[in-house]
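Heads up: the structure comes next, in structure tokens.
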Amino acid sequence: MSQTRLLALVGSLRAASINRRLAEAAAKTAAEGVEITLYEGLADIPFYNEDLDVEGKVPAAAQALRDAVAAADGLLLVTPEYNGSLPAVLKNAIDWASRPYGAGALKEKPAAVVSASISQNAAKWAHGDTVKVLGVAGAGVVEGAHLHFGVIGQRFAETHPVDDAEALTQLAATIGTLVDATRGKLVTV
């Protein structure tokens, strides 16, 4: 069996972000034959602008994202909730990866969404918006591969998610479902 490559896009740019730590923990749960890479460089990508999206002249940071998404078998998006929705940096990444319209790197790419916030709501609004935007952008959203973490400021205040057995079990299940989708074992929407 060949290697399954998953690309994680984290919606928080903070180095010590719990959302980033959740993505790191997810990478640790990957089964043999599955590689999860956390994408670095979302902060370097300019806001999507059709005037910049010209063949042969796409900004290097945006092209690097497109290439990374195209090379991945599936995507894991980890999102906090900013003002009741997904962070602009994550929406911007989706916008760049979805172009050119109908043929972007996101087209039919299996994608899972993990949301986390300090509230009990567990960033479910951001999660819903991320799922909607991915679907409109043409990704294959894997419904069974969603996960929500609430009150993360308390839950992970003293510990990294990699040291939380329940979080690891949940993340492993989400990754397993996403991997199944990349191998054609699940239908995406």
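Among residues of segment 18-53 being part of a loop (DSSP other than H, G, I, E, B) and touching a strand residue (DSSP E or B) at 6+ places or on another chain (Cβ under 7 Å), the one that is farthest from residue 122 (Cα to Cα) is 33.
When segment 54-90 is filtered for residues that are assigned to a loop (DSSP other than H, G, I, E, B) and surrounded by 15 or more Cβ atoms within 10 Å (Cβ to Cβ), the ones remaining, listed by number, are 58, 59, 72, 73, 80, 81, 86, 87.
Quick one: is residue 7 in contact with a Leu (Cβ under 6 Å, 6 or more places away or on another chain) and either part of a strand (DSSP E or B) or in contact (Cβ under 8 Å) with a residue 40 or more places away in the chain (or both)? Don't jump to the end; show me each part of the working.
Values: in contact with a Leu (Cβ under 6 Å, 6 or more places away or on another chain): yes; either part of a strand (DSSP E or B) or in contact (Cβ under 8 Å) with a residue 40 or more places away in the chain (or both): yes.
Yes: the conditions hold for residue 7.
In this structure, is residue 113 at pLDDT 90 or above and in a strand (DSSP E or B)? So residue 113 fits the description; yes. From the list 116, 122, 88, 70, exactly one residue is closer than 23 Å to residue 49 by Cα and in contact with a Phe, Trp or Tyr (Cβ under 8 Å, 6 or more places away or on another chain). Which is it? So the residue among 116, 122, 88, 70 that is closer than 23 Å to residue 49 by Cα and in contact with a Phe, Trp or Tyr (Cβ under 8 Å, 6 or more places away or on another chain) is 88.
The residue that is farthest from the chain's Cα centre (by Cα), counting only those in segment 144-158 that are part of a strand (DSSP E or B) and of a type outside the set (Phe, Trp, Tyr), is 144.
Looking across segment 1-44, the residues that are surrounded by 19 or more Cβ atoms within 10 Å (Cβ to Cβ), within 20 Å of residue 163 (Cα to Cα), of a type in the set (Val, Ile, Thr) and out of contact with any Phe, Trp or Tyr (no Cβ under 9 Å at 6 or more places or on another chain) come down to 29, 36. Would you confirm whether any residue within segment 96-113 is more than 16 Å from the chain's Cα centre (by Cα), surrounded by 15 or more Cβ atoms within 10 Å (Cβ to Cβ) and either of a type outside the set (Phe, Trp, Tyr) or farther than 18 Å from residue 83 by Cα (or both)? Yes - at least one qualifying residue is present in segment 96-113.
Taking residues in segment 90-102 that are closer than 15 Å to residue 112 by Cα, and partners anywhere that are β-branched (Val, Ile, Thr) and surrounded by fewer than 24 Cβ atoms within 10 Å (Cβ to Cβ), the pairs with Cβ atoms closer than 6 Å and at least 6 places apart or on different chains are 94/133. Looking across segment 148-189 at every residue that is aliphatic (A, V, I, L, M), farther than 14 Å from residue 22 by Cα and touching a residue at least 40 places away in the same chain (Cβ under 8 Å), the one that is surrounded by the most Cβ atoms within 10 Å (Cβ to Cβ) is identified as 178.
The values are calculated or read from the model by the stated rules, or taken from the named source; none is laboratory data. Remember, predicted model here, so these are calculated numbers, not experimental data. When we count neighbours, we look across all protein chains shown, and the Cβ atoms used for this are built from the backbone with ideal geometry, even at glycine.
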